[in-house]
Every structure is written in structure tokens, then in C-alpha cells.
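Below: one structure, written as C-alpha cells.
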Amino acid sequence: ALPICYELAKQMLAREDYPKALFVASDSIAIGVLRAIHERGLNIPQDISLISVNDIPTARFTFPPLSTVRIHSEMMGSQGVNLL
């Protein structure tokens, strides 16, 4: 899935009217998108913003570090059970 997301990001960023902000479903996908952004010669956050989900440890080692949202899955699961 990561190579496909990377290729799709490259296609999207090749357009003259590329989006100025992206919210992606996972940090793993964001790392591929980040590579496509750099290959296009764009800068974060000057040219485009990128936010992802999961807060994996690797996110701190990308350049620039990913802006990522931590999902507390145990708490979400507990709340889901309570709603049942």
C-alpha cells in the first residue's frame, strides 16, 4: 500500500493546482507522501502542510518531523464497549 500511496502523492503533487494541505490516514503513508513532497521541491510548511495519524516513533526522525495525532485505541475501545 505504501508504494501506491507514494505514487498517488507524486501524481497529485505534479499538478499545478496541487493541494496546500494534506491529512493522511497513517504515519506510514505520510512518510511516503513526505518523500513525494521533497522530490517535487516543495517545503513544509511554506508550500504545503501535512498531518497524519498514529504518532509512531519513526515520525520524530523524518525531516521535518511529522505533525501527527496520537489515537488512544484502548480508550476508544473502552468507550465503544460502554456505548453497547
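A few comments on the model shown:
- Basic side chains Lys and Arg get +1 at the Cβ, acidic Asp and Glu get -1 at the Cβ, and with that the dipole of the chain about its Cα centre reaches some 80 debye.
- Averaging the sequence gap over all C-alpha pairs within less than 8 Å and six or more residues apart, then dividing by the number of residues, gives the chain a relative contact order of 26 percent.
- Nearest-ten-degree value, helix 2-14 long axis tilted from longest Cα axis of the chain: 50 degrees
- Dividing the summed -39500 (n - 2.57) terms of all DSSP H runs of n ≥ 4 by the residue count of the chain sets its mean residue ellipticity at 222 nm at -14000 deg cm²/dmol.
- For Val81 and Lys10, the difference between the fully extended length at 0.36 nm per residue and the C-alpha to C-alpha distance is 21.5 nm.
- Per-selection Rg to Rh, the chain - Cα, Kirkwood hydrodynamic radius: 1.08
- Taking other C-beta atoms within 10 angstrom as a stand-in for reagent exposure, Val24, Val81, Val53 fall in the order Val81, Val53, Val24, fewest first.
- FRET E, pair His38, Ile71, Förster distance 22 Å, beta-carbon r, rounded to 0.05: 0.25
- Quotient of C-alpha Rg and 2.2 N^0.38 Å, computed over the stretch 1-45: 1.03
- Neighbourhood charge, 13 Å Cβ-Cβ cut-off, centred on Val69 and excluding it, Lys, Arg +1 and Asp, Glu -1: -1
Every number in this text was worked out from the coordinates using simple rules, so none of it is lab data. None of the values given here were measured: they were computed from a predicted structure. Cβ: placed from backbone, ideal geometry, glycine included. Neighbour counts: every protein chain shown.
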